[in-house]
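Peer 1: Sharing a structure, written as structure tokens. Questions coming.
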Amino acid sequence: ALPGGVGTLEELVEQLTWAQLGQHQKPILVANIAGFWDPFLSLLDHMRANAFIRGTAPVNVLVAEDAGQILPMLQAAAAGVKEADIHAAASAAIEGM
């Protein structure tokens, strides 16, 4: 999700909910340019800490801090790279350009 308004937020939460319910397995990425999505990401952490998001029904969001990371991160996710390794794969792809 690019930075946006209430409609963007609604669409993002809808996709997260569908992923949590098993309706799709597509990667979900936020373009956290200049920390735009930091409050939302903090809210997700707060929900996890208070057991409103459980490990049995995780909410996974890829976070790109730079526009140049977006495509490499999505490509790595689509190729099946583990979430923990996606940032490294995206950084390597950017360095190789």
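Peer 1: As an exercise: evaluate VAL59 against (1) among the aliphatic types (A, V, I, L, M); (2) on the phi > 0 side of the Ramachandran plot; (3) in contact (Cβ under 8 Å) with a residue 40 or more places away in the chain and give the number of the one condition it does not meet.
Peer 2: Of everything listed in (1) among the aliphatic types (A, V, I, L, M); (2) on the phi > 0 side of the Ramachandran plot; (3) in contact (Cβ under 8 Å) with a residue 40 or more places away in the chain, VAL59 misses just condition (2).
Peer 1: Sort out which residues of the stretch 60-83 are of a type outside the set (A, V, I, L, M, F, W, C) and either at pLDDT below 85 or farther than 16 Å from VAL30 by Cα (or both), and write them in order of number.
Peer 2: GLY80, LYS82, GLU83
Peer 1: Scan (1) farther than 18 Å from GLY5 by Cα; (2) of a type in the set (A, V, I, L, M); (3) more than 13 Å from the chain's Cα centre (by Cα) for the single condition LEU43 breaks and write down its number.
Peer 2: Tallying (1) farther than 18 Å from GLY5 by Cα; (2) of a type in the set (A, V, I, L, M); (3) more than 13 Å from the chain's Cα centre (by Cα), LEU43 fails exactly one: (1).
Peer 1: Among the candidates ALA57, ALA92, ALA51, which residue alone is more than 23 Å from GLY4 (Cα to Cα), modelled with pLDDT under 95, out of contact with any His (no Cβ under 9 Å at 6 or more places or on another chain) and part of a helix (DSSP H, G or I)?
Peer 2: ALA92
Peer 1: Still on this structure, I have one more. Would you check which residues across the stretch 19-41 are assigned to a helix (DSSP H, G or I) and modelled with pLDDT under 95 and list them?
Peer 2: Scanning the stretch 19-41 gives ALA19, GLN20.
Peer 1: Restricting the search to the stretch 32-48, which residues are loosely packed, with under 11 Cβ neighbours inside 10 Å and either over 13 Å from VAL61 (Cα atoms) or β-branched (Val, Ile, Thr) (or both)?
Peer 2: Within the stretch 32-48, ALA34, GLY35, PRO39 qualify.
Peer 1: Further question on the same structure: Quick one: which residue in GLY68, GLY7 is over 20 Å from GLU95 (Cβ atoms) and not aliphatic (A, V, I, L, M)?
Peer 2: Result: GLY7 is the single residue among GLY68, GLY7 that is over 20 Å from GLU95 (Cβ atoms) and not aliphatic (A, V, I, L, M).
Peer 1: If ILE86 satisfies all but one of (1) surrounded by 15 or more Cβ atoms within 10 Å (Cβ to Cβ); (2) modelled with pLDDT under 95; (3) not in a helix (DSSP H, G or I), what's the number of the condition it fails?
Peer 2: Single failed check for ILE86: (3).
Peer 1: Let me ask something else about it. Exactly one of (1) surrounded by fewer than 12 Cβ atoms within 10 Å (Cβ to Cβ); (2) of a type outside the set (Phe, Trp, Tyr); (3) touching a helix residue (DSSP H, G or I) at 6+ places or on another chain (Cβ under 9 Å) is unmet by ALA51. Its number?
Peer 2: Condition (3) is where ALA51 drops out.
The values are calculated or read from the model by the stated rules, or taken from the named source; none is laboratory data. Computed from a prediction, not measured in an experiment: that's the story for all the values here. No Cβ is skipped: glycine too gets one built from the backbone with ideal geometry, and neighbour counts run over all protein chains shown.
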